[in-house]
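Note sheet for the following structure.
All of the numbers you see were taken from the coordinates with simple rules; none came from a lab. Only a predicted model underlies this, so the values are computations on that prediction, with no experimental measurement involved. Ideal geometry is used to build each Cβ from the backbone, glycine not excepted, and the neighbour counts take in all protein chains shown.
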Amino acid sequence: MLRAFVSAGLAAFALVAHVSAAAPLTKTSAKSFDLYDEVADYVRKLVETDKSVAAQWNAQAAGARQRTGRVSTGPWVPIQWLVVNFEQNVRTGKDAEYVYLAKQALREAQVDGYVVEDNVVARIKVKLHEDLKENPAKPDDFVTAKAELTMEFDGFVRVKFNPVGANLSRPPVSKTFTKDYNIFEEASSLVGRLVESDPKIKSQWEAISAEARENAGGKFQTGPWISTQWQIPSYEATASDRNVDQVFIVRQALREGMRGGYTVGTNAVTRVRAKSKDKLQPPADGKGEPTVVKGELTLTFEGFVQADIADGAAPVTASSPAAPSRPTAPSAPSAPIAPPKAPASPAAPAGPAVTAKFLHSTPGTYGWWTGTPSLKDPSYDFFPNGNLHIQGPDGEATMWEGKWSLKGDQLTLTNKMLKTSKTVTAVISGQDLLLNGVRYRRYKPE
């Protein structure tokens, strides 16, 4: 098995998968691209329209189909695995090269629910160039004048997460809830706390990040801990109860370099087991998703792991204990199986009216975040003068300035650098803020 590596700002990627004949796709735009959406859409369309890629996908899914005969698929989930190079200059613009892993879960039907043992994983090479121009509305500011994006399918790969270093598994940690909660956010938060507070875990993190820190010298940065659902050993749900056993891969990008240019050749990767038992309340109007009225979540930190990436001749699996074999459902056709609840929590009943003062940061806090910033739901910092700071998942690569305004419960968010604007419904829920139903809390560095 070969691993991807980046050194001294020059990249070399070990290509071991069978590569399809699919030609690279190049797109241009007058504004910045949402790379997450573009990569997901690119892979989805390739599988649907390219016969060679479809044949490879079918080979990947064969094992799951043989086990149960009834398999449905989840959405494609892009993971920015490596940053081969990122450079930004107001004169020459922005040039970036990434390696993405795009994952699709294979849900195998069971009598009382489903399991996810395997994923199909594609590797995508992404190149981005943006020309910048002066912002006529703001002196000394630059916006995108033209963007060019090239995506190239690099084959399906097999990813296996193997334990690395000492056994650092920790006793389970349980929490209870009386409303909807975000398991992705909880898993990321657990790992972040342990790396900061547990001496042995922190020491292991330092050993893993040592090479990146040495290469970067004084220009070393880390990204946020980001959780990706990798396996579901058990998913069972009724109208009033939901019991789920999940395995998350929680990773942190180790960045060599700073604002003008950097690479990411290494990720610190951990595995977290999450078991949840929820009591559900159906929606009053009979539409939409049920809400949690009582939840119990147990998280178990299982230690650091190393991602080995190899030829995609077999389905992608995580080296984590799977659920015991259970009776399978008959192989008769069935409707697609509903996935677990999306990471974002639905809107809670409206509380007090949102005010500008509520949106402002309080002493010791810096804006609002979901716990795992994304391009769709980034972090926001609302300044009293109407300025808005926007932070996405990739550090300074997704850091923008904008403006905000509030009229009643309608909050307008304008990204001046990307020239985009949207209006969302803002609701106070206890100490939290809901934006179109997505739960935000105040960001307070630990």
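Roughly what % of DSSP beta bridges within region 356-442 run antiparallel, to the nearest 5?
Details: 31 of 32 bridges.
About 95 percent, rounded to the nearest 5.
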Pairwise FRET efficiency - Y366 versus D409, Cβ, R0 = 35 Å, nearest 0.05: 0.90
Neighbour cut-off at most 16 other Cβ (10 Å), DSSP loop, trypsin sites (Lys or Arg not before Pro), region 181-290: K219, R259, K287
Selected from S169, I183, A145, residue furthest toward positive end of dipole (region 115-195; charges at beta carbon): S169
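Note down the net charge around W57, summing +1 for each Lys or Arg and -1 for each Asp or Glu among other residues with Cβ under 10 Å from its Cβ.
On the way: positive: none; negative: E48, D50.
Net charge in that neighbourhood comes out at -2.
Charges only on Cβ, +1 for Lys and Arg, -1 for Asp and Glu: so what's the dipole of region 5-317 about the Cα centre, in debye to the nearest 20?
Rounded to the nearest 20 debye, it is 360 debye.
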³J(HN,Hα) computed for each position of region 384-391 - Karplus, 6.51 cos²θ - 1.76 cosθ + 1.60, integer Hz, glycine/proline x: x, 7, x, 6, 9, 9, 10, 10
Two-site FRET efficiency, K200 against R442, from Cβ-Cβ distance with R₀ of 25 Å, rounded to 0.05: 0.25
Pair Q431, K45: separation of 7 Å Cα→Cβ label points (nm): 4.6
Cβ-defined net charge surrounding G386, 15 Å radius [Lys, Arg +1; Asp, Glu -1]: +3
Over region 5-317: Kirkwood hydrodynamic radius from C-alpha pairwise inverse distances, Å: 21.5
Residue-count net charge about L433 - beta-carbon cut-off 9 Å; Lys, Arg +1, Asp, Glu -1: +2
Anisotropy class of region 356-442 from Cα gyration tensor, a/c 1.5 cut: rounded
Two-site FRET efficiency, A30 against D95, from Cβ-Cβ distance with R₀ of 22 Å, rounded to 0.05: 0.75
